[in-house]
Amino acid sequence: MQLYRLTLATIFQRKVWIVALLSVLLLPVILPYLTPYESNPTLVQPARAQAAWVTLWVVAVAWVFFQASRFGDDTARSGMGSYFLSTGMSRVSQMLQIWAACMSYLIPLVGAALAVCFVGAMPSGSEERGMWIVTNFQYAALFLLVIAPLTMLAISVGSRFGSTIGYVIPLCLSVYGLFGVGYLAMMINVRENIFLDWLYVLSPHYHLADLTPRLVFKQGSMVGSEFLQLVAYFLGLKLVLSMISTVCFQTKPAT
């Protein structure tokens, strides 16, 4: 686990994780009070939960993907990948250790978002509290199923094509899956097109992992069968992206 510890220590020394953690903890507390909340104080708690998860998405896309692509690029270009390969550490093991180090900083951020929702936005009713807790844990699971494979993809693409491409590809996939698919669905409703239909089917529907509306409007948690279907879908996407990442990752720069 030498590469894991080295990556972990490097992220720690860069200190940007402090900004990420403080953003997830403090922005959800501050942002609701920048709105005219006096007209309806009951909206503060849902707004706080919304801010917590939106901030977490932004931090994951803006910081975690960037770190992952940068480490993939640095490992290949600096010769570390070749060195660890000569010591018996396989190419896949190197990728997984870098990925595990990035996830070691992401998981506490998810915990921070959950803490904000449980401490600063918990409903008063006992039945609502139970549904609130379940919904947030479902949200956390789906969030990790989306971000984890994209982080691995950022590492592998960064090692082969450089940190910029390694960052842009998962960034575009995540933004398209969260927002672009919805616009594509509206286009299909307006005008049927077999190409657009297939594109919609093959698109990554990451918007299904965004449970923010359920929290804001207190729609309750998903039923077990619905949640398990989403988990199976995102696990399938994870398998595809993991296979692509395994093939793409390299330990030395392309000649």
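The values are calculated or read from the model by the stated rules, or taken from the named source; none is laboratory data. If you're wondering where the values come from, they're calculated on a predicted model, not measured in any experiment. Cβ placement follows ideal geometry from the backbone for every residue including glycine, while neighbour counts extend to all protein chains displayed. Heads up: the accessible areas ignore ligands, DNA and RNA and are worked out on the full protein's heavy atoms, side chains in. Shrake-Rupley method; radii C 1.70, N 1.55, O 1.52, S 1.80 Å.
Residues of the stretch 1-13 being open to solvent by 70 Å² or more (accessible area, probe 1.4 Å) and in a helix (DSSP H, G or I), which ones? Matches in the stretch 1-13: 2, 5, 6, 12, 13.
Every residue, every condition in (1) farther than 25 Å from residue 53 by Cβ; (2) open to solvent by 40 Å² or more (accessible area, probe 1.4 Å); (3) part of a helix (DSSP H, G or I), yes or no:
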residue: 207; (1), (2), (3): no, yes, yes
residue: 220; (1), (2), (3): no, no, no
residue: 228; (1), (2), (3): no, yes, yes
residue: 234; (1), (2), (3): no, no, yes
residue: 244; (1), (2), (3): yes, yes, yes
residue: 250; (1), (2), (3): yes, no, no
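When residue 25 is tested against the conditions (1) free of Cβ contacts under 8 Å to residues at least 40 places away in the same chain; (2) more than 18 Å from residue 66 (Cα to Cα), the lone failure is (1). Cβ-Cβ contacts under 8 Å between residues 6 or more apart (or on different chains), taken from a first residue in the stretch 179-203 that is farther than 22 Å from residue 57 by Cβ to a second residue that is acidic (Asp, Glu) and surrounded by 12 or more Cβ atoms within 10 Å (Cβ to Cβ), are listed as 188/197.
So which residues in the stretch 115-128 are open to solvent by 20 Å² or more (accessible area, probe 1.4 Å) and touching a Phe, Trp or Tyr at 6+ places or on another chain (Cβ under 9 Å), if there are any at all? Passing the criteria: 118, 122.
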